[in-house]
C-alpha cells in the first residue's frame, strides 16, 4: 500500500531519552493529509541513517513523485510544480535528499522558527506539531524508557496509531 502525497513533505527529528542516552525519532509527514510517510528511531543521525530514513519515502511513493516529474519536466526549472520537501538546517538531511530526489523534487532547506523574518512562505509546523504530540505522550510515561528496543517498538506503534487508528488532525 503506497500513500498518496497531497501536500509538502516535512521532516524533522525528535530527541528521546532512553536511560541516560539521547536518541532520535526521525519522522516525515504530509502537510495536508498528516500521514506519516517515513519513520525511523536511531541512536545517531549519520548520513547513512538519514539516507535510510528518506529511502522509505522513495520506496513507498516514488511512482507518484516520478509521475509528477515527468509531467513537469518540459517546463522551466523555476516553473515546475514538483513535490516539495521541507526540513531544518541539518546538513545530513540535505545530502540524503540530494542523493535520492535531486532532480525529481524541490527542497526547502533551513526552515527556522523565525521564518516570517526571513521572508519564507511556509514553516515546519506540521512535523513540529507531531513531535509535540510525541512529547506529550512521553511525559506521561512513569520512569521513562528502559531500553532502545522497547522505545523503538513504542515509536513504531505510535506511527501505526497515528496513520490508521486515530483520525488525522
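Between residue 64 and residue 4, the distance separating the two model label sites (each 7 Å from Cα on the Cα→Cβ line) works out to 0.7 nm. In the Gaussian network model of the chain, springs joining C-alpha atoms below 10 Å, which of 142, 80, 159 carries the largest mean-square fluctuation? Looking only at 142, 80, 159, the largest GNM fluctuation is found for 142.
Between helix 125-139 and the chain, what is the angle of the helix's C-alpha long axis to the longest principal axis, kept within 0 to 90° and rounded to the nearest 10? The angle comes out at about 10 degrees.
Compute the length gained on full extension between residue 99 and residue 33: take 0.36 nm times their separation in residues and subtract their Cα-Cα distance, giving the result in nm to one decimal.
Working: separation 66, 0.36 × 66 = 23.76 nm, distance 2.59 nm.
Gain in length upon complete extension: 21.2 nm.
Exposure proxy ranking for 4, 34, 139, based on other Cβ atoms within 10 angstrom of each Cβ and starting from the fewest, stands as 139, 4, 34. Listing 87, 50 from fewest to most neighbouring C-beta atoms within 10 Å gives 87, 50.
Annotation for the range 38-59 versus the range 131-166: alpha-carbon center distance of 18 Å.
The angle separating the long axis of helix 47-72 from the principal Cα axis of greatest extent in the chain is about 30 degrees. Size descriptors for the chain: radius of gyration and Dmax over Cα atoms are 16.4, 57 Å. Placing one identical point scatterer on every Cα of the range 130-169 and ignoring solvent, what is log10 I(q)/I(0) from the Debye formula at q = 0.18, 0.30 Å⁻¹? For the range 130-169, the Cα-only Debye profile gives -0.54, -1.14. Put in line by how crowded their Cβ is, counting other Cβ atoms within 10 Å and starting with the fewest, 21, 43, 12 read 21, 43, 12. Taking every DSSP bridge with both residues inside the range 9-165, close to 65 percent are antiparallel. Using just its DSSP H runs of length 4 or more, each adding -39500 (n - 2.57), the chain gives a mean residue ellipticity at 222 nm of -13000 deg cm²/dmol after division by all residues. Note on the chain: GNM, Cα springs under 10 Å; of 67, 78, 135, the largest mean-square fluctuation is that of 78.
Taking the longest Cα principal axis of the chain as reference, the axis of helix 148-160 is set at about 50 degrees.
Quick note: the coordinates plus some simple rules give every number you see, no bench work behind them. Please read these numbers as outputs of a predicted model, since none were measured by experiment. Using ideal geometry, Cβ is built from the backbone for each residue, glycine included, and neighbour counts are taken over all protein chains shown.
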